[in-house]
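Worksheet: the structure to be examined is printed underneath.
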Amino acid sequence: MRYLLTGGGTGGHIYPAVAIANEIKRNEKDAEILFVGTEKGLEKELVPKSGFELKTIRVKGFKRKLSLDTLRTIKIAFDGLIDAKKIIDEYKPDIVIGTGGYVCGPVVMIAALKHIPTLIHEQNAFPGFTNRILSRFVDIIATAFDDSKKYFRNKDNVYVTGNPVRMEILGANKVQAFKKLGLEPGKKVVVSVGGSRGAAKINEYMVELIKRVDDDFQILMITGKNQYDTVIKMIKDYDIKIGKNIKIIPYCYDMGDVYAVADIMVCRAGAITLAELLATSTASILIPSPNVTHNHQEYNARVLEKNGAAIAILERELNGDILYDKISSILKDPVVLERMKSNAKKLSKIDATKEIYKLINDLK
């Protein structure tokens, strides 16, 4: 069988595609797999690093306001359709799978028009523009959240599978993780993380919070590589004395260790981050990014909040004092903390890749 997978722009679209590809290979040793992405997306780096071949097409996202750039985008969209058709004609896939991002549009659309079996996976509670359009043409729609169903016209071919989670997230040893991260076992740990590049506002609020922390809990602050120097300067400017209970690092490659030690995670509400929080039964305070299309991170965060697994706070409504009070109130009440962890576990779908592979088999 020949599989063509497409998804790109951010890790949130690429990691699920890679997880699905790995699941296919686990079940079909002789399966042929090709990825289609763009030159500028993260897929250019992540897909080859994962051991898969990547071909690229021309594509660009539409801006909401009409301008000359819109006309250029339309032209590129037609170029992308031509590129996608050429790749599909040459590769002749048996099944085409899309995991979101603008690059999925032309690839999955051409495949559907050619009557090649198609499946799309939607990671967010509020589906992206591309997947909402494609949903009218594809054979199967897999979603991460039950709440997503209402946004698709045809409910009969929508299946809730959850989001694929990297295996390394689930396999960490808690005792070893405490040692590796230099933290004290048995003492509550609050982790803040804003992604590989960091989230300036989360870091700012965490620095304000650190001013109030004595020795009541430990903090692991993962600033993001681009934000680390700024955070250290803020610490010095505020004349904050960093105790043994505070660890500030730019990045962590072994996120499984981080989830293993975290009692509460303070983070954005990207779909894959939330899947990892649920899979590891981690309580969280979610601060949705205000800079994402259609505000989908707030939709994601509200799903977890509604089910008692997280507290969602909008960035504009937050400061260091509020964050400290929220964290302290949770940590001081073991019943509340355990309930949040339990509710996260109830929402988790750690077998998402297996469920998606079952749906792929239905297309054969």
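The values are calculated or read from the model by the stated rules, or taken from the named source; none is laboratory data. Computed from a predicted structure; not experimentally measured. FYI the Cβ positions are ideal-geometry reconstructions off the backbone, even for glycines, and counts take in every protein chain you see. Quick note on the areas: whole protein, heavy atoms, side chains included, nothing else; ligands and nucleic acids left out. Shrake-Rupley method; radii C 1.70, N 1.55, O 1.52, S 1.80 Å.
For the chain, a Gaussian network of Cα nodes joined below 10 Å ranks 287, 232, 88 by mean-square fluctuation, and the top entry is 232. Amide H to amide H, with H built 1.01 Å from N, residue 246 comes under 5 Å of 219, counting only residues 5 or more places away or on other chains. Using a/c under 1.5 as the rounded threshold, could you call region 157-221 rounded, prolate or oblate? The axes a ≥ b ≥ c are square roots of the C-alpha gyration tensor eigenvalues, and prolate needs a/b larger than b/c, oblate otherwise. Because a/c hits 1.5 or more and a/b fails to exceed b/c, region 157-221 counts as oblate.
Put simply, the amide H of residue 126, placed in the peptide plane, has neighbours under 5 Å in 300, leaving out anything fewer than 5 places away on its chain.
Counting protein heavy atoms only, region 93-173 has 51 percent of its accessible area on carbon and sulfur, 1.4 angstrom probe. Working from Cα pairs under 8 Å separated by at least six residues, relative contact order for region 129-193 is 24 percent.
With the simple model of a label 7 Å out from the Cα in the direction of the Cβ, residue 176 to residue 28 spans 3.4 nm.
Phi angles of region 296-311 translate, via the Karplus equation with coefficients 6.51, -1.76, 1.60 and θ = phi - 60°, into HN-Hα couplings of 5, 5, 5, 4, 4, 4, 5, 4, 5, 5, 4, 9, x, 9, 7, 10 Hz per residue; Gly and Pro are given as x. Among the listed values (i) 1.03; (ii) 1.10; (iii) 0.95, the one computed from these coordinates for Cα Rg over 2.2 N^0.38 Å is (i).
Working ranking of peptides 101-108, 312-319, 213-220, 160-167 by packing, defined as the average number of other Cβ atoms within 10 Å per residue, highest first, is 101-108, 160-167, 213-220, 312-319. Using a cutoff of 8 angstrom between alpha carbon atoms and counting only pairs six or more residues apart, the relative contact order for the chain works out to 15 percent. Taking all protein chains into account, the per residue accessible area for region 232-312 stands at 40 Å² (1.4 Å probe).
Give 55/180; 155/349; 179/341 a once-over and call out the pairs whose C-alpha atoms are over 30 Å from each other.
Values: 55/180 38 Å; 155/349 20 Å; 179/341 23 Å.
Check vs 30 Å cut-off fails for 55/180.
Residue by residue, region 2-11 carries 3J(HN,Hα) couplings of 10, 10, 10, 10, 9, x, x, x, 10, x Hz when phi is fed to the Karplus relation 6.51 cos²θ - 1.76 cosθ + 1.60 (θ = phi - 60°); x denotes Gly or Pro. In region 246-364, the C-alpha radius of gyration followed by the widest Cα-Cα span (Dmax) gives 15.7, 55 angstrom. Each Cα pair under 8 Å and six or more residues apart adds its separation to the average, and for region 287-364 the resulting relative contact order is 26 percent.
Among 275, 142, 199, the residue with the largest mean-square fluctuation in a Gaussian network model of the chain, with springs joining Cα atoms closer than 10 Å, is 199.
Each part reduced to its alpha carbon centroid, region 186-242 and region 307-344 end up 17 Å apart.
Taking 7 Å steps out from each Cα toward its Cβ at residue 133 and residue 295 produces label points 2.4 nm apart. Annotation: amide H-H contacts under 5 Å for residue 36 (H modelled 1.01 Å from N, sequence separation of 5 or more, or interchain): 5, 6, 7, 55. A crude spin-label estimate for the pair residue 226 and residue 317, with each label 7 Å from Cα along the Cβ direction, gives 2.7 nm.
For the chain, the mean residue ellipticity at 222 nm estimated from helices alone is -13500 deg cm²/dmol, where every DSSP H run of n ≥ 4 contributes -39500 (n - 2.57) and the total is divided by all residues, rounded to the nearest 500.
Of the solvent-accessible surface of region 249-323, computed with a 1.4 Å probe and all protein chains present, 46% belongs to carbon and sulfur. Just 127, 334, 93 to compare: in a GNM of the chain, with alpha carbon springs under 10 Å, which one fluctuates most? Highest fluctuation among the options: 334.
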